[in-house]
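The values are calculated or read from the model by the stated rules, or taken from the named source; none is laboratory data. Note that the coordinates shown come from a computational prediction; the quantities given were computed from them, not determined experimentally. A quick note on method: Cβ atoms are made from the backbone with ideal geometry, for glycine too, and the neighbour counts reach across all protein chains shown. Side chains included, ligands, DNA and RNA excluded: accessible areas come from the protein's heavy atoms. Shrake-Rupley method; radii C 1.70, N 1.55, O 1.52, S 1.80 Å.
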Amino acid sequence: MSTASVFLNELGITCALGEGRDAVAAALFASDAPAGARTSEALTPGRPLVLGTVNAPLSDLSDHPLQLRGRNNALLRSAHAQIAPAVAAVIERYGADRVAVVLGTSTSGIGESEQALPFKHAHGAWPAEFHYAQQEIGTPARFIAAEAGVHGPAWTISTACSSSAKALASGARLLRAGIVDAVIAGGADSLCRFTIDGFSALESVSAARCNPFSRHRNGINIGEGAALFLMTREPGPVRLAGWGETADAHHISAPEPRGIGAIAAIQQALARAGLHADDIDYVNLHGTATPQNDAMESRALAATMPADTPVSSTKPLTGHTLGAAGAIEAGLSWLALANNPRHRLPPHWWDGEADPELPPLHFAAPGEHAARPLRHVLSHSFAFGGSNAVLLLGAG
C-alpha cells in the first residue's frame with residue numbers, strides 16, 4: 001500500500017451550530033454562551049428535550065427519485081453544495097469513475113418510515129410520497145453519487161457512532177491504494193423518534209444540555225447534521241495524518257471500562273502518523289456525558305496523553321449526531337486547524353464540577369487560545385459494540 005499523504009481539501013458542514021464553515025466556526029468558538037443545541041418538544045410532545053436541531057431550510061429533493069428523498073439526504077445536499085465546485089473540478093481532472101463516495105449513517109431514512117407508518121396502519125398502504133427504500137442504509141451514498149455525478153465505488157458504513165469516522169479512514173485507504181483519485185467522505189444523521197426512544201429506553205437521554213465529564217452527567221442530547229470532505233492526494237489545508245480502528249466486542253452498548261480498545265485506537269493513529277502523544281495539540285473527545293463512556297474515555301486519555309493536553313467535548317453544542325458524529329467532529333477539528341487565525345480551542349461547556357473518580361483532564365475553557373497555531377489534533381469516536389475509531393488530523 002502507498003504511504004502517500006491524504007488531504008481533506010474541502011469541508012461542507014451543516015449542524016445545530018449553523019450551515020457552512022464560517023457560521024459553524026463562529027458559533028463553535030464563541031465564548032459568551034453555548035450555541036447550537038436548544039430545548040424542543042418537536043419530536044416529544046409534552047417532554048421538553050435539548051436537541052441539536054438543524055434549523056436551516058432544506059431542499060425537498062423533488063429533482064431526485066422518491067427512493068432518494070428524505071431529511072438525511074437533504075442534510076447531505078446542504079453539505080455537498082458547499083464543496084460542489086471543488087467536486088466538479090476533480091471530476092473534470094480525473095473523470096467521474098475515479099471519484100468515490102464513502103459515508104456513514106445510523107438513521108438513513110428511518111424518520112420517513114416513522115412518518116409513513118400511521119398512514120399505512122390507517123389505510124393499509126404506504127402513502128404515495130413514501131418509498132420503503134428511503135430507509136435503506138446504502139441510500140446516502142447512492143444519493144451523493146447521483147447528486148455529484150460520480151461513478152466510482154460508493155458505499156455507506158453503519159457502525160453506530162463510529163460510522164463516519166470509519167468512512168474517512170476507508171476513503172484514505174482507497175486513495176492510498178490508488179483505486180481512485182478523490183473521495184467524497186463523511187456522513188449524515190437526522191433526528192427521529194426512533195433514536196430518541198431507543199436512548200431513552202437505555203436511560204441515557206438528558207433533558208437539559210448534556211454535561212460531559214461532570215460528576216452530575218446524566219446522558220446525551222441527540223442531534224442531527226451532515227459533514228462532507230473532499231479527500232485527495234493533492235496538498236490541502238488539513239491532512240488526514242493517521243487513524244486507528246479497534247473492536248472491543250465487550251458489550252452491546254457499554255464500553256470496555258478500562259478503555260483498552262480506545263487506547264489501542266489512539267496508539268494506532270499516532271503510529272500511523274509517525275507522531276508521539278506530546279505532538280498532539282488538542283483532542284476532540286467522544287464525550288457523550290453518559291456515566292460509562294466518560295469514565296472509559298478519561299482513563300484512555302490518562303493512559304495515552306500528557307495531562308496538560310487541551311481536550312473538549314463539543315456535543316453540548318451539536319448534540320450527539322450518532323452516525324454523523326465522527327465526520328462532524330472531524331469537521332470541527334478541521335476548523336480548529338484551517339480556519340483559526342487566533343489559535344482558539346473548541347470549548348468544553350459544562351458545569352465545571354469534575355468527577356473525583358475520574359482522572360483529571362485539561363478541559364479547554366470558553367475563550368481559551370493555544371499559544372501557537374494548532375498542528376495536530378485527535379478526534380475520538382467510540383460506538384456501541386466497542387467499535388472505536390480515532391482520526392489524527394494535521395495542518396497541511
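Annotations for the structure displayed:
- Cross-chain or 6+ apart pairs with Cβ under 8 Å, the stretch 79-99 first and of a type in the set (S, T, N, Q), then open to solvent by less than 20 Å² (accessible area, probe 1.4 Å) and outside any helix (DSSP H, G or I): Q82/L11; Q82/G12; Q82/I13; Q82/G20; Q82/L228
- Subset of the stretch 327-341 that is open to solvent by 10 Å² or more (accessible area, probe 1.4 Å) and out of contact with any strand residue (DSSP E or B) (no Cβ under 6 Å at 6 or more places or on another chain) - its residue that is nearest to P237 (Cα to Cα): N339
- Members of the stretch 93-125 found to be farther than 16 Å from R193 by Cα and in a helix (DSSP H, G or I), listed by number: R93, Y94, A96, D97, R98, F119, K120, H121, A122, H123
- Close Cβ contacts (under 6 Å, 6 or more residues apart or on different chains) running from residues in the stretch 62-77 that are of a type in the set (G, A, S) to residues that are buried (at least 18 other Cβ atoms within 10 Å of the Cβ) and assigned to a helix (DSSP H, G or I) comprise G70/E112; G70/Q134.
- Any hit, the stretch 327-340, residues being at pLDDT below 95 and of a type outside the set (D, E, K, R): yes
- Reported count of residues in the stretch 155-181, each being open to solvent by 20 Å² or more (accessible area, probe 1.4 Å) and among the polar types (S, T, N, Q), is 3.
- Residue within the stretch 180-190 that is hydroxyl-bearing (S, T, Y) and in contact with a strand residue (DSSP E or B) (Cβ under 6 Å, 6 or more places away or on another chain) present: no
- When A324, A371, A307 are checked against the criterion of being under 27 Å from E224 (Cα atoms) and either part of a helix (DSSP H, G or I) or not charged (D, E, K, R) (or both), A324 stands alone in meeting it.
- Of the strands (runs of 3 or more DSSP E) lying entirely inside the stretch 185-304, those carrying at least 2 residues that are touching a residue at least 24 places away in the same chain (Cβ under 8 Å) and either open to solvent by 20 Å² or more (accessible area, probe 1.4 Å) or of a type in the set (G, A, S) (or both) are 225-232, 238-247.
- Of residues in the stretch 44-76 being more than 22 Å from the chain's Cα centre (by Cα) and of a type in the set (A, V, I, L, M), the one nearest to G186 (Cα to Cα): L61
- Within the stretch 37-51, residues that are closer than 15 Å to C192 by Cβ reach partners that are polar (S, T, N, Q) and assigned to a loop (DSSP other than H, G, I, E, B) with beta carbons closer than 9 Å, at six or more positions or on different chains, in the pairs S40/T53; A42/T53; L49/S206; L49/N221; L51/T44; L51/N221.
- Residue check, I179 in a strand (DSSP E or B), more than 19 Å from G109 (Cβ to Cβ) and at pLDDT 95 or above: no
- Criterion (farther than 30 Å from S206 by Cβ, in contact with a Phe, Trp or Tyr (Cβ under 7 Å, 6 or more places away or on another chain) and of a type in the set (G, A, S)) met by exactly one of A84, A141: A141
- When we screen A300, A365, A324 for residues that are touching an Asp or Glu at 6+ places or on another chain (Cβ under 6 Å) and of a type in the set (A, V, I, L, M), the only hit is A324.
- Residue list for the stretch 3-21, filter: at pLDDT below 95 and polar (S, T, N, Q): T3, S5
To keep it simple, each residue is scored yes or no on (1) without any contact (Cβ under 8 Å) to a residue 24 or more places away in the chain; (2) farther than 14 Å from L68 by Cα; (3) open to solvent by 40 Å² or more (accessible area, probe 1.4 Å).
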residue: G111; (1), (2), (3): no, no, no
residue: Q115; (1), (2), (3): yes, yes, yes
residue: F119; (1), (2), (3): yes, yes, yes
residue: G124; (1), (2), (3): yes, yes, yes
residue: F130; (1), (2), (3): no, no, no
residue: I137; (1), (2), (3): no, no, yes
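- Selection count, the stretch 93-109, where residues are buried (at least 19 other Cβ atoms within 10 Å of the Cβ) and at negative phi: 10
- When the stretch 2-36 is filtered for residues that are part of a helix (DSSP H, G or I), in contact with a strand residue (DSSP E or B) (Cβ under 7 Å, 6 or more places away or on another chain) and surrounded by fewer than 22 Cβ atoms within 10 Å (Cβ to Cβ), the ones remaining, listed by number, are R21, A27.
- Considering T44, T39, the condition of being touching a Pro at 6+ places or on another chain (Cβ under 9 Å), among the β-branched types (V, I, T) and surrounded by fewer than 17 Cβ atoms within 10 Å (Cβ to Cβ) is satisfied by T39 alone.
This table checks each residue for (1) at pLDDT 95 or above; (2) assigned to a helix (DSSP H, G or I); (3) surrounded by fewer than 21 Cβ atoms within 10 Å (Cβ to Cβ); (4) touching a Lys or Arg at 6+ places or on another chain (Cβ under 9 Å).
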{"position": "L51", "(1), (2), (3), (4)": "yes, no, no, yes"}
{"position": "P57", "(1), (2), (3), (4)": "no, no, yes, no"}
{"position": "D60", "(1), (2), (3), (4)": "no, no, yes, yes"}
{"position": "D63", "(1), (2), (3), (4)": "yes, no, yes, no"}
{"position": "Q67", "(1), (2), (3), (4)": "yes, yes, yes, yes"}
{"position": "H80", "(1), (2), (3), (4)": "yes, yes, no, no"}
{"position": "A86", "(1), (2), (3), (4)": "yes, yes, yes, no"}
{"position": "I91", "(1), (2), (3), (4)": "yes, yes, yes, yes"}
